[in-house]
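Here is the structure we will look at.
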Amino acid sequence: MGFLSKLFGGGKKAESGVTITYRTGPDDTCRSLAKKFYGDESQWERIYKPNEWRLKDEVQSGSDKMLPGTELTIKDPKYDANGQPIAAATV
């Protein structure tokens with residue numbers, strides 16, 4: 001690896017893991033989505049943090065329900081939107 005590659009991150013490994021895009025429904029909350037995708041509603045921050053900028057209006061309104069149709073990024077879920085386990089990526 002050359003000097004410039006080291007300096008500018010050429011040696012970094014690509015992120016592994018699954019990321020899915022989910023469009024919210026009428027009764028979705030961070031807790032309900034954490035239960036759906038991670039099997040544990042206490043993992044709600046894993047939904048909120050990467051999508052905080054998208055959820056700004058919901059937070060300001062004081063409601064924990066998300067606006068229907070909001071597109072969220074779900075990183076490294078255990079389950080898909082249908083509740084099926086997501087297989088680990090093989091390299």
Scan the range 57-89 residue by residue and report those that are over 22 Å from Gly17 (Cβ atoms) and loosely packed, with under 11 Cβ neighbours inside 10 Å. Gln60, Ser61, Gly62, Gly69
Output the residue which, of all residues in the range 48-73 that are farther than 14 Å from Gly25 by Cβ and aliphatic (A, V, I, L, M), is modelled with the lowest pLDDT. Val59
If we ask which residues in the range 31-56 are under 19 Å from Thr21 (Cα atoms) and in a helix (DSSP H, G or I), their number turns out to be 18
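The values are calculated or read from the model by the stated rules, or taken from the named source; none is laboratory data. Note that the structure is predicted; figures quoted are calculated from it, not measured. Note that each Cβ is placed from the backbone with ideal geometry, even for glycine, and that neighbours are counted across all protein chains shown.
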